[in-house]
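Below you'll find the structure, written out as structure tokens, and then a few comments.
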Amino acid sequence: MVVHPDLRTGETLSRTPEARLDEAAGLAEAIDLEVVAAEVCRVSRPNAGTLLGSGNVERYRLLVQVEEIGIAIVDADLSPVQQRNLEQAWNCKVVDRTGLILEIFGARARTKEGQLQVELAALTYQRSRLVRSWTHLERQRGGYGFMGGPGERQIEMDRRIIDDRITRLKRDLEEVRKTRDEHRKQRRRVPYPVIALVGYTNAGKSTLFNRLSRATVFEHDMLFATLDPTMRGIRLPDGQDVILSDTVGFISDLPTQLVAAFRATLEEVQEADIIVHVRDVSHPDSEAQKQDVEQVLRELNVGTAVDEGLVEALNKIDKLSPEQRQAVEQQAARDPNEVPVSAQTGEGTQALGRAIEARLSASFRCVDVHVPLEDGRALAWLYDRGHVMDRHDDERYAHLRVHLDPADVERFQYRHGEHVQVDN
């Protein structure tokens, strides 16, 4: 059973309660749960003990009993007390939105890093759920006479075990972060720009990633089909080599435990030269999903990139009606940062590559450099810090066309200007 509590207090929401219910049901189906009942529950005043109110609780108790439901999903954040009270009233397992997403992430994690991150998020979540004190499991401390007494309660021991495990996981993930830093330093030595694909879950990021990189990342029409990030080298239409990064999908009300636990992975987004926002324009809530993704990006401290405008891949145009498609194409014609694409058919991917090139070119200078062939240090510096677009040699000089950061152009002229010629 899936229940979405409609907690509106009169304000206008960008996404309807029915759409939120459909999304919650999709999350349940993503981990192979059979949804036998799904309802929007109108809640005029949230109840501190059950969130839903006594009348709704009794109505759903009868539904659980008649349908023999084993798991009830409440598409909201429940307090530990609310979760316990609903489980007692309905006599079935109750999972809130955060618990459901954690369940999906646990099922999707494949790499050791992903499993560590999911476990950390799950333990952080579970620690606040230890609401029972099993006093019958009290132990005696060592000692004599009056020095004896009740030892650790079960809940205290559980908390200590969880805290110890969280400490170890954070230490392991810090090693992951250091390893990722080393990988980024190595990529900077061969300075290929990093292009990060971000987007709402099921927007088609992995399909587009496979289309652009000819990789075989798992893709499926379900929420959170892939979890672990993947990076591949690709070549843009002008011949420039870049690194393409596929990241975990975002979702509305993404649990804070996940954002914190996946910090090492999401740093790839923070370090990216270009962020490509993959949007499912065939989805009725595409605009609301865009706002959710941008909100998560701001939480990751990349709000400047959002304000300057992301490159937007308007995906799944193959699912649009002719009228809808025409409207999307007209909208994109007015904004060079928007590109209609179909990751499924490949349509528009060349145009997307050119849009990425244009964004890269806007932040880099293309200069012609003439370096004496014997000046190996200058040549090595150019290959290390820039992207060599073209090169041809004559008897005395290597003639290169190089993409360089404007600051690096000045550094190069300062270090090697007496031997080489730089043309804008």
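Here is the tail figure for segment 2-134: Cα pairs spaced more than 17 Å apart come to 61 percent of all pairs.
Taking the inverse of the mean 1/r over every pair of distinct Cα atoms in segment 233-352 gives a Kirkwood hydrodynamic radius of 15.6 Å. For segment 290-359, the calculated P(r), taken from all Cα-Cα distances in 5 Å bins from zero up to the bin holding the longest distance, is 3, 16, 22, 22, 20, 12, 4, 0 percent. Measuring against 23 Å, Cα to Cα, the residue pairs LYS290/LYS319; LYS112/LYS170; LYS93/LYS205; LYS178/LYS205; LYS290/LYS316; LYS112/LYS178 contain LYS93/LYS205; LYS178/LYS205 as the ones spanning a longer distance.
Taking the Cβ-Cβ separation of VAL388 and ASN337 as r and a Förster radius of 25 Å, what is the calculated FRET efficiency to the nearest 0.05?
According to the calculation, E is roughly 0.40.
Largest accessible area first, the listed residues VAL242, VAL66 line up as VAL66, VAL242 when surface is computed with a 1.4 Å probe on the assembled protein chains. Three semi-axes describe the equivalent ellipsoid of segment 360-424; taken as square roots of 5 times the Cα gyration tensor eigenvalues and ordered largest first, they are 18, 13, 10 Å. Applying 1/(1 + (r/R0)^6) with r as the Cβ-Cβ distance of GLU347 and ARG232 and R0 = 22 angstrom yields a FRET efficiency of 0.60. Multiplying the residue separation of LEU62 and ARG165 by 0.36 nm and removing their Cα-Cα distance gives an extension gain of 33.1 nm.
The values are calculated or read from the model by the stated rules, or taken from the named source; none is laboratory data. Treat the numbers as computed from the prediction; the structure is a model and nothing was measured. Using ideal geometry, Cβ is built from the backbone for each residue, glycine included, and neighbour counts are taken over all protein chains shown. Heavy atoms of the whole protein, side chains included, go into the accessibility calculation; ligands, DNA and RNA do not. Shrake-Rupley method; radii C 1.70, N 1.55, O 1.52, S 1.80 Å.
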